Amino acid sequence: MTAQLILRTDASAELGTGHVMRCLALALAWVASGGAATFVSRLPEPLARRIRAEGIGLVEIGCGPGDAEDLHTVDRLARSGERPWIVLDGYHFSPGYSSALRKLGRVLAIDDYGAVAAIQADLHLDQNLDGGRPDGYPEEELVLLGPAYALLRPEFQTRPVRACLRPCRQVLVTLGGSDPANLTGTVLEILAKVLPQGARCLAVLGAANPRAAEVELLTRRLGPAFEVRTDVADMAALMAETDLAVTAAGSTVWELACMGVPCLALPLFDNQIPVARGLERWGAAATLPPGPGLDGARFAQLAAALVADDARRAALAEAGLRLVDGQGAGRVVRAMRALSDPLPAALPLAPADQEDSRDVWLLASQPSVRANALRPGPIPWADHERWFARQMASPDSIILLCRLGGVLAGQIRFERQDGAVLVSFSVAKPFRGQGLGRFLLTATWREACRKLGLERARGLVLAGNAPSAACFRHAGFRLLGAENHGGREFLVFEGECA
């Protein structure tokens with residue numbers, strides 16, 4: 001049966017169009033993986049046409065989230081096949097609404113810096129630099145963070161080969177799907193004063209922008225170097241010809257970064273401020289300080305400087321290319337599949353390397369993992385960094401990781417200790433109950449003993465941790481007795497690989 005994806009998101013002049021467009025990118029990746037996708041949305045007609053033109057299903061509703069029509073529509077779609085994934089993207093959805101959706105299927109919540117607090121989901125996605133909820137997420141809910149998961153449409157997967165240094169001849173202005181701050185005209189008038197002779201400026205207006213006619217009249221007055229387009233179907237093609245973009249610090253910045261377009265990002269709303277700060281720190285955009293409206297004098301000064309500085313624009317472009325590769329939607333789909341599909345017959349295992357440090361720390365820091373550890377207290381990040389570096393350099397240590405759908409599902413570690421190999425393993429909570437811990441131990445411990453030159457392996461299991469004890473027994477270990485560590489009783493298991 002075809003795996004089903006239901007995308008619950010809306011667009012309007014007030015809400016913007018970014019939520020719908022990034023969901024469209026996810027829907028296209030889902031369909032490419034063999035699934036079926038349907039939007040349940042309130043949105044402007046141009047966006048509805050765009051979704052249908054891509055071959056994606058759309059059920060338009062005329063009510064707010066949580067109303068009877070809304071939930072009835074999602075429920076009807078959810079019951080039409082196997083248990084679906086339901087995507088929730090928007091700041092106007094409540095925790096109660098997300099809870100209701102989880103009764104109908106698995107939920108992926110797309111968020112920006114924890115703007116939708118307390119939303120319940122099986123999987124959370126925040127594609128922004130330094131994203132995520134400040135207070136963290138429940139350990140049973142998987143989390144994908146950072147621009148590696150930026151949701152970009154297939155058109156952005158083919159990136160142009162750009163000259164490292166070239167004069168600024170084409171400027172793109174795109175201030176979101178609706179430009180609710182009504183700044184496009186102001187920006188164009190300022191650019192008319194700073195662009196060099198021969199440069200052109202293209203303003204792209206989104207499907208929910210109500211002022212297209214006004215901007216069209218303005219570009220005619222500014223002269224033939226200025227042009228406006230609406231409802232553009234292939235932004236990647238326009239970006240490939242762009243030497244500098246002026247953009248709101250929203251989802252478009254990831255498209256520009258992927259295409260190697262240097263940009264001047266304007267944080268027009270509170271939720272865009274951390275995006276702009278992260279991009280500037282990474283060196284992938286120039287930004288203006290946040291504030292009400294647009295500081296025209298500062299904008300003119302910065303825009304003129306960027307237009308004249310080919311080297312700086314090239315540096316911004318190169319930083320963006322390093323940040324976003326256009327494959328994020330596929331990564332998210334693989335993570336979703338890993339959570340909902342049965343474990344594969346052949347589970348992947350690979351040695352850890354230094355780049356795995358943060359993921360290992362996040363797994364080790366899960367409350368249930370800490371509760372069963374020899375030393376159950378929290379692990380400071382700085383302490384973990386030093387420990388992990390030592391493990392990577394030590395000939396007496398082996399760490400193997402199992403990634404499913406690109407996310408760390410489990411890890412197992414072997415260390416020489418007192419003439420035996422000390423074994424410890426952990427499984428991320430969303431992947432428990434499927435036999436992954438049993439596989440990690442059974443498939444690896446004898447070979448690890450041989451590599452470390454020892455014939456005995458030893459494992460310590462907190463008394464009462466029946467699943468871990470069962471894994472050791474299944475792997476051929478025998479129970480030797482018990483030891484006390486920190487006032488807690490641990491069962492001692494031993495295996496001989498000779």
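The values are calculated or read from the model by the stated rules, or taken from the named source; none is laboratory data. Note that the structure is a prediction, hence the values are computed from the model and not measured. All Cβ positions, even for glycine, are placed from backbone atoms using ideal geometry, and neighbour counts span all protein chains on display. Note: areas computed on protein heavy atoms with side chains; ligands, DNA, RNA excluded. Shrake-Rupley method; radii C 1.70, N 1.55, O 1.52, S 1.80 Å.
Straight-line cross-link reach from LYS429 at under 29 Å between alpha-carbon atoms covers these lysines, not counting any fewer than eight positions away in the same chain: LYS103. Close amide H partners of LEU152, meaning residues 5 or more places away or on another chain with modelled amide H under 5 Å apart, are GLY328, ALA329. Rounded to the nearest 500, the 222 nm mean residue ellipticity of the chain from helices alone is -10500 deg cm²/dmol, with -39,500 (n - 2.57) taken per DSSP H run of at least 4 residues.
With both residues required to sit in the chain, DSSP beta bridges show an antiparallel share near 40%.
Amide H contacts of LEU144 (H built 1.01 Å from N, in plane; Pro and chain starts excluded): HIS124, LEU125, ASP126 sit under 5 Å, all sequence-distant by 5 or more or on other chains. Report P(r) for region 244-301: all Cα-Cα distances, bin width 10 Å, range 0 to the bin holding the largest distance, values in whole percent. Using 10 Å bins, I get a P(r) of 26, 58, 16 for region 244-301. Pull out a ≥ b ≥ c, the square roots of the eigenvalues of the alpha-carbon gyration tensor of region 1-121, then state rounded if a/c is under 1.5, prolate if not and a/b is larger than b/c, and oblate in the remaining case. Since a/c stays below 1.5, the shape of region 1-121 is classed as rounded.
Computed from phi, the 3J(HN,Hα) profile of region 453-466 under the Karplus parametrisation 6.51, -1.76, 1.60 (θ = phi - 60°) reads x, 10, 10, 10, 10, 9, x, 10, 10, 4, 4, x, 8, 4 Hz, with x in place of Gly and Pro.
Where q = 0.09, 0.14, 0.20 Å⁻¹, what log10 of I(q)/I(0) comes from the Debye formula for region 243-363, counting one point per Cα? Normalising to I(0) and taking log10 leaves -0.37, -0.72, -1.08. Here region 290-333 is treated as a sphere whose radius is the Kirkwood value from Cα pairs; by Stokes-Einstein at 20 °C and 1.002 mPa s it diffuses with a coefficient of 163 µm²/s.
Rounded to the nearest 10 degrees, the angle from helix 273-282 to the longest Cα principal axis of the chain is 80 degrees. Once you reduce region 308-325 and region 199-268 to the center of their Cα atoms, the two points are 18 Å from each other.
Using only the C-alpha atoms, the convex hull of region 193-263 corresponds to 105 Å³ per residue. Across all C-alpha atoms in region 59-175, the radius of gyration and Dmax reach 18.3, 56 Å. If you take all other residues with their beta carbon under 13 Å from the beta carbon of LEU343, and give Lys and Arg +1 and Asp and Glu -1, the sum is +3. Treating the Cα atoms of region 158-289 as identical point scatterers in vacuum, please give the log10 of the normalised Debye intensity I(q)/I(0) at q = 0.12, 0.18 Å⁻¹, two decimals. Those come out to -0.43, -1.01, one per q. Centre-to-centre, using Cα atoms only, region 73-90 and region 1-31 are separated by 13 Å.
Evaluating 6.51 cos²θ - 1.76 cosθ + 1.60 at θ = phi - 60° for every residue in region 118-127, the Karplus couplings come out as 6, 5, 9, 7, 7, 9, 10, 10, 10, 7 Hz, glycine and proline recorded as x. Only Cα pairs under 8 Å and 6+ residues apart enter the sum, and on that basis the relative contact order of the chain stands at 11 percent.
The phi-based Karplus calculation (6.51 cos²θ - 1.76 cosθ + 1.60; θ = phi - 60°) puts the 3J(HN,Hα) values of region 311-318 at 5, 5, 4, 4, 5, 4, 4, 5 Hz, whole numbers, x for Gly and Pro. For ARG200, the residues whose amide H sits under 5 Å from its own are GLN170, VAL171, ignoring neighbours fewer than 5 places away on the same chain, with H placed 1.01 Å from N. For region 151-200, the fraction of alpha-carbon pairs lying more than 17 Å apart is 58 percent, rounded to a whole number. Ranking of GLU415, GLU140 by solvent-accessible surface, largest first: GLU140, GLU415 (1.4 Å probe, protein heavy atoms only, all chains present).
When you work out D = kT/(6 pi eta Rh) for region 334-425 at 10 °C and 1.306 mPa s, using the Kirkwood radius from C-alpha pairs as Rh and the Stokes-Einstein form, the result is 110 µm²/s.
Geometric descriptor of the chain, per residue, is 161 Å³ (volume of the convex hull of the Cα atoms).
Taking a ≥ b ≥ c as the square roots of the eigenvalues of the alpha carbon gyration tensor, region 408-494 is oblate, as a/c is not under 1.5 and a/b does not beat b/c. Excluding ligands and nucleic acids, what accessible area in Å² is computed for SER340 using a 1.4 Å probe, to the nearest 10? Roll a 1.4 Å probe over it and SER340 shows about 30 Å². Using equal-weight Cα scatterers in the Debye expression, the normalised intensity of region 352-496 in log10 at q = 0.15, 0.19, 0.20 Å⁻¹ is -0.76, -1.29, -1.44.
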